[in-house]
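A quick write-up on the structure given underneath.
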Amino acid sequence: VDAVRVYVNSSSENLQYPVLFVVRQQKGVLSWQVPLIFRGLYQRTYNYQEVGRTLCPSEPTPETGPSDQIIFVDVSSMAPFNIAYELLVTRLENFQLETNKAFNFTASPSQPQYFLYKFPQDVDSVIIKVVSDAVYPCSVVSVQDIVCPVYDLDHNVEFNGVYQSMTKQAAITVQRKDFPGEQFFVVFVIKPEDYACGGSVPSSIHGNVNRTWNLQRTKNLQVTIVPSIKKSVYVQAMFFSFLSFLSFYLGSVVVAFVHYIRVRRKASAGRLSPEDGSGIMTSSHPITASTPEGSSYGAIDESSSSGGRQLSSPERGPPAGSDTDSSVEEESDFDTMPEIESDKNVIRTKVFLYLSDLSRKDRRIVSKKYKIYFWNIITIAVFYALPVIQLVITYQTVVNVTGNQDICYYNFLCAHPLGVLSAFNNILSNVGHMLLGFLFLLIVLRRDILHRRAMEMKDVYTLDYGIPKHFGLFYAMGIALMMEGVLSACYHVCPNYSNFQFDTSFMYMIAGLCMLKLYQTRHPDINASAYSAYASFAVVICLAVLGVVFGKNDVWFWVIFSMIHVLASLALSTQIYYMGRFKIGKCYLGIFRRAAMVLYTDCIQQCSRPMYMDRMVLLIVGNLVNWSFAIFGLVYRPRDFASYILGIFICNLLLYLAFYIIMKLRSSEKLLPIPLFCIVATAVVWAAALYFFFQTLSSWEETPAESREKNRPCILLGFFDDHDVWHFLSAAALFFSFLVLLTLDDDLDAVRRDKIPVF
């Protein structure tokens, strides 16, 4: 293909009488003026007296064969005086780019460049890689169809094709199916200003100072076009993704089978303990002799519990296994049982509390309370996910229609399109969250069914061994893990600053549900209701949205948020310290007055030892951590507000989990092999996952051009990048984390509740 480049130069600086150049070809007309004027911010103008343009090439057809090109160049001016100019027409030797061969060239605002590329016969997709040693001047890389004229100036390069801004690196994936002629132009334009790439913003200056002449903005570029992956790699990546996580299903089946064999052997040997160490009651136990006849579920005898009087016998409820979702019991029944109201405050003031003190309510009613977590999160997921899906589809449509690849912050060196999706690999890698979330639901369902069967074999009101089995929060955690995969995939359809909260919303809920489950384990009667918990999550998400809008530079927002954070920490600390035994009353300052009283009585009057030493240590450390977060946010004001809030949740969860495990070991309780394995696996997988998480491949905290400087090639199967590996590992880490909470207290299944300490 022959291409011709026209170079013109004029010494005239008279903007009233520019020299006009019109080039007429067989299929098009190209025109420009000298001085060539570019406009920037605040009406600032940049004038150039030297202009170089490549004419739209004409490719000989098989019918006509090679022929000479006839070009007319018209030069005119309305000036009443003579103007000198220089005109030079040259033939381009290297106009067509070759596959896997780097080509170096130079461009400037008034002398853009573009080249032709034709798809080889065996290549369906290519990646255009452009690099430069210099950050500035800011440039634009565009891919346009073979149409004349070619849009190769700053003010019109966005009119056709796909384009992206660039500092030191750019990459565009092009598919053969998008170009019927199996060829395209690669256009390189240098912008007159750098603000679009993160450079300095020119100040607003009035007068002639706004005019700049012949500003030297030359940039050396290197372009290489390499074949992209083939369809077989897509198939391999999908098989790898599904088989990797289906192996967890196989492992779960193996563990369940081994557990079944072990139980059968113990049953045949007649050596079964009250429960078999997996949270499931499997055989009878002579507990009726030590439990007061007619006592309610979880009730304790005076002889086995200090400080508590024997409860009056409530009316006998329905038989075991009948805790269906009937509407007989209302939510108001949870805290209106007379025998609980009469002495719960007395019991909870004991210095040493046992699980029997906090598991006195009817099991059926408490189970229904925790099932609300499951049904509510399904409702929330549907109402939250549908608008999100609609929005990201709109984002992807805008990208495909406009061709503006600065809208979405992909890792363009490893963004593999499929259909209308620009980065299918970032979406596929989230399948682990959905598969493992569903697997966790199956594991919880199995435990729930086995527990119900065990209840049918017993008198439910005489069972007071082990941790009370309430599975509603576990079901909610499984749904949250699945929804995290769905919403993370939605975010990666078009990752940017505006929709990052989609990726983090259910992470807040996962962290919050894990903390609630950990607290519920030994505080089943006083844990938060589903309505208050989800209302709290809603407040957090509202704060996250406000942080996205106002958290960049507004100091007032950070002051208000830090105050809310500190006050919420104090309020929650008071609630935990007093086991929910105080009421805020009409004055909302009463909670903080109570906190001040705690500090006075436990730290001043009894400075040697607080009344509740373990709780006090946990709350002091927790408040120091949260106050440190508040001070950090107020001082540094991080732009990534959603990750900042997520960090607060995760640090609090890790702190509470570490405290729980330490107190468990301190109480002479043991860790069985399965929870111990899950703890080790959780730590190892989280460490590996965080390593890949901090391998930043893009950043919407910067401009799109600056973000592309962080782009890296794929590292797994030639299809997945570091962030995809983070998706895989974080899904496994969350799954193991859930298993830790599910199995952590299996060693207590044969221990009476009046022997299990509360902490």
Would region 549-560 turn up any residue that is closer than 30 Å to LYS361 by Cα and at pLDDT 85 or above?
no
Which ranges mark the strands (runs of 3 or more DSSP E) fully within region 65-131 that have 1 or more residues being in the same structural domain as TYR46 (by the TED database), within 20 Å of TRP32 (Cβ to Cβ) and at pLDDT 90 or above?
72-76, 85-92, 103-107, 113-118
When (1) open to solvent by 60 Å² or more (accessible area, probe 1.4 Å); (2) not in a helix (DSSP H, G or I) are applied to PHE677, the one that fails is (2)
Inspect region 409-427 for any residue being more than 23 Å from the chain's Cα centre (by Cα), open to solvent by 10 Å² or more (accessible area, probe 1.4 Å) and at pLDDT below 95 and give the result as yes or no.
yes
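Given the criterion open to solvent by 10 Å² or more (accessible area, probe 1.4 Å) and outside the structural domain of ALA533 (by the TED database), identify the matching residue among ASP362, ASP357.
Details: ASP357 fails: open to solvent by 10 Å² or more (accessible area, probe 1.4 Å).
Checking each option against the conditions leaves just ASP362.
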Just to verify a result, which residue in region 471-509, among those that are open to solvent by 10 Å² or more (accessible area, probe 1.4 Å) and of a type in the set (Val, Ile, Thr), is farthest from LYS368 (Cα to Cα)?
VAL493
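What number of residues within region 693-705 satisfy the criterion of being assigned to a helix (DSSP H, G or I) and buried (at least 20 other Cβ atoms within 10 Å of the Cβ)? Please lay out each step first, then the result.
Kept after step one, since they are assigned to a helix (DSSP H, G or I), are these residues of region 693-705: 693, 704-705.
Add one more test, that the residue is buried (at least 20 other Cβ atoms within 10 Å of the Cβ), and what stays is 704-705.
Result for region 693-705: 2.
Can you find a residue in region 633-640 that is touching a Cys at 6+ places or on another chain (Cβ under 9 Å) and closer than 29 Å to PHE537 by Cβ?
Of all residues in region 633-640, those touching a Cys at 6+ places or on another chain (Cβ under 9 Å) come to none.
Within region 633-640 (the criterion being touching a Cys at 6+ places or on another chain (Cβ under 9 Å) and closer than 29 Å to PHE537 by Cβ), the answer is no, since none of the residues qualifies.
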Looking across region 1-26 at residues that are within 53 Å of the chain's Cα centre (by Cα) and charged (D, E, K, R), the single one that is most open to solvent (accessible area, probe 1.4 Å) is ASP2
Checked PHE374, PHE440 against criteria (of a type outside the set (Asp, Glu) and open to solvent by less than 30 Å² (accessible area, probe 1.4 Å)); the one match is PHE440
Count of residues meeting criterion [without any contact (Cβ under 8 Å) to a residue 40 or more places away in the chain and of a type outside the set (Val, Ile, Thr)] in region 371-412:
6
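Within region 256-271, restricting attention to residues that are open to solvent by 80 Å² or more (accessible area, probe 1.4 Å) and assigned to a helix (DSSP H, G or I), which residue is modelled with the lowest pLDDT?
Looking only at region 256-271, we keep the residues that are open to solvent by 80 Å² or more (accessible area, probe 1.4 Å), and these are 257-258, 260, 262, 264-265, 268, 271.
Filter once more, keeping what is assigned to a helix (DSSP H, G or I): 257-258, 260, 262, 264-265, 268.
Numbers: PHE257: 90, VAL258: 89, TYR260: 84, ARG262: 84, ARG264: 82, ARG265: 83, SER268: 75.
That would be SER268.
Any idea how many residues of region 723-759 are more than 19 Å from the chain's Cα centre (by Cα) and of a type in the set (Gly, Ala, Ser)?
Counting residues in region 723-759 that are more than 19 Å from the chain's Cα centre (by Cα) and of a type in the set (Gly, Ala, Ser) gives 1.
The values are calculated or read from the model by the stated rules, or taken from the named source; none is laboratory data. It should be emphasised that the depicted structure is a prediction, and the values quoted were computed from it without experimental measurement. Note: ideal-geometry Cβ built from the backbone for every residue, glycine included; neighbour counts use all protein chains shown. Side chains included, ligands, DNA and RNA excluded: accessible areas come from the protein's heavy atoms. Shrake-Rupley method; radii C 1.70, N 1.55, O 1.52, S 1.80 Å.
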